[in-house]
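Every read-out reported here was derived from the displayed coordinates using simple, explicitly stated rules and does not represent laboratory data. None of these values were measured; they are calculated from a predicted model. Here Cβ is always computed from backbone atoms with ideal geometry, including for glycine, and neighbour counts include all displayed protein chains.
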There are 2 protein chains.
Amino acid sequence: MNELKLIENIRRYVNLNDEEAQTFISFWTERNLSKGEYLLRNGEICRFDTYVASGALKAYFINAQSGKEEMLFFAIDDWWASDLVSFSTQKPSIYSIQAIEHSTILQIGYQSFQEMLKKLPVMERYFRIILERYLGSLQKRIIYNQAYDARFRYQDFIETYPEIAAKVPQYLIASYLGVSAEFISRIRRGKKGS
Amino acid sequence: MNELKLIENIRRYVNLNDEEAQTFISFWTERNLSKGEYLLRNGEICRFDTYVASGALKAYFINAQSGKEEMLFFAIDDWWASDLVSFSTQKPSIYSIQAIEHSTILQIGYQSFQEMLKKLPVMERYFRIILERYLGSLQKRIIYNQAYDARFRYQDFIETYPEIAAKVPQYLIASYLGVSAEFISRIRRGKKGS
């Protein structure tokens, strides 16, 4: 069931016949995370690439000046949740990834990932394409953080990621956008009134 | 000569025999950009993927609040300079890319890029790997912008990108880091004195 979800995701971007899908899935292991459990801690090496079948995770780092958690990304159902840089270089991560609710994930280890790519080169294409998309969201975030005000960024966030806006607590979204939770409450109250 | 540079770059990540290299290069066209010439303007579709053989370009967007240019990235010798999101979706770009000195580039059009990937699937792997690296630099930038002060970010920038720090005017680096040019001058004077 969870494996099918991942295969469906992949087939949105590349062709994978049933035999290839079977081979692909044989590399992955299902795992459950309790609420609050860490997938990765700052300073650890990311040993697994992780697909979130269901649940919600936050990736965050600590602000060196304020000591507060700052959100890097959220991963909910049918998303990826890994530090790909740490995973691909096998060097320590500069951030942490933690489940914010009970989550079911599929994981592949570093060596298995390399083997899988050798057996199924078509997956190079899949990962290239989804990286392009993720890269686009990061570039947009850098631009929007510098070029637009908080109200605009909040509106864009809820339009771009309605599922995350519905699932993730507001104070975490506020942290992601670099605004206060009160600011978001004010905007939401303002919207209801208009 | 410039084509060889690109092939050398690729061979740092994947194996490409001479015949494949020849096929690959046949898809690319060399072009010169004068200082100030645009590779891409905000709102246009990025029609080409671009490798910078030599020169320097800036990618920037306009701050909606201040009206000022803000730097997204720089591309110098042996780097890529495209809006990959606009290129892969063939939708308008949200930023501009402009030569800040005379530059020599190699370009491939959207259709040719797809054909090239079909003929040389190994290039999927190359682009996956360099995307991973670029993605790492974007994530790091988001984290550093929020988590560290300007002095730390400047030091990290000149250590991570010494070639860019040496080549690109200081006021553009200041814009990239979100600090004033005076701030960088002060740090540099401070360093000399210590």
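Within region B:144-161, can one find any residue that is at negative phi, in contact with a helix residue (DSSP H, G or I) (Cβ under 6 Å, 6 or more places away or on another chain), at the interface with another protein chain (Cβ under 7 Å from one of its Cβ atoms) and part of a helix (DSSP H, G or I)?
Checked region B:144-161: no residue is at negative phi, in contact with a helix residue (DSSP H, G or I) (Cβ under 6 Å, 6 or more places away or on another chain), at the interface with another protein chain (Cβ under 7 Å from one of its Cβ atoms) and part of a helix (DSSP H, G or I).
Considering only residues that are closer than 12 Å to A:Ile100 by Cα and within 9 Å of chain B (Cβ to nearest Cβ), which ones fall in region A:60-76?
none
Give the residues of region A:86-115 that are touching a residue at least 12 places away in the same chain (Cβ under 8 Å) and within 11 Å of chain B (Cβ to nearest Cβ), sorted by residue number. Spell out how you get there, then give the answer.
The first filter runs over region A:86-115 and keeps only residues touching a residue at least 12 places away in the same chain (Cβ under 8 Å), leaving A:86-87, A:90-110, A:112-113, A:115.
Listed by number, the residues that qualify are A:Ser86, A:Phe87, A:Lys91, A:Ser93, A:Ile94, A:Tyr95.
What about A:Ala147, is it farther than 25 Å from B:Asp83 by Cβ and either within 16 Å of the chain's Cα centre (by Cα) or not β-branched (Val, Ile, Thr) (or both)?
Numbers: farther than 25 Å from B:Asp83 by Cβ: no; either within 16 Å of the chain's Cα centre (by Cα) or not β-branched (Val, Ile, Thr) (or both): yes.
No, not satisfied.
Among the residues of region B:135-143, is there at least one that is within 14 Å of chain A (Cβ to nearest Cβ), of a type in the set (Ser, Thr, Tyr), in a helix (DSSP H, G or I) and crowded, with 18+ Cβ neighbours inside 10 Å? Spell out the reasoning first.
Quick first cut of region B:135-143, residues within 14 Å of chain A (Cβ to nearest Cβ) only: B:135-143.
Narrowing further to those that are of a type in the set (Ser, Thr, Tyr): B:137.
When the remaining residues are screened for being in a helix (DSSP H, G or I), the result is B:137.
If we keep only those that are crowded, with 18+ Cβ neighbours inside 10 Å as well, we get none.
No, because not a single residue in region B:135-143 is within 14 Å of chain A (Cβ to nearest Cβ), of a type in the set (Ser, Thr, Tyr), in a helix (DSSP H, G or I) and crowded, with 18+ Cβ neighbours inside 10 Å.
So that you can scan it fast, the table gives a plain yes or no per residue for (1) within 22 Å of A:Ser103 (Cβ to Cβ); (2) touching a Pro at 6+ places or on another chain (Cβ under 9 Å):
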{"position": "A:Asn2", "(1), (2)": "yes, no"}
{"position": "A:Ile10", "(1), (2)": "yes, no"}
{"position": "A:Tyr13", "(1), (2)": "no, no"}
{"position": "A:Asp18", "(1), (2)": "no, no"}
{"position": "A:Gln22", "(1), (2)": "no, no"}
{"position": "A:Ser26", "(1), (2)": "no, no"}
{"position": "A:Tyr38", "(1), (2)": "yes, no"}
{"position": "A:Glu44", "(1), (2)": "yes, yes"}
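Where in region A:1-102 are there helices (runs of 4 or more DSSP H), lying fully within it, with 1 or more residues that are buried (at least 16 other Cβ atoms within 10 Å of the Cβ) and touching a strand residue (DSSP E or B) at 6+ places or on another chain (Cβ under 7 Å)?
Working: elements: A:2-11, A:18-25, A:84-89.
Here the list reads A:2-11, A:84-89.
All but one of (1) touching an Asp or Glu at 6+ places or on another chain (Cβ under 8 Å); (2) away from chain A (no Cβ under 11 Å) hold for B:Gln170, so report the exception by its number.
(1)
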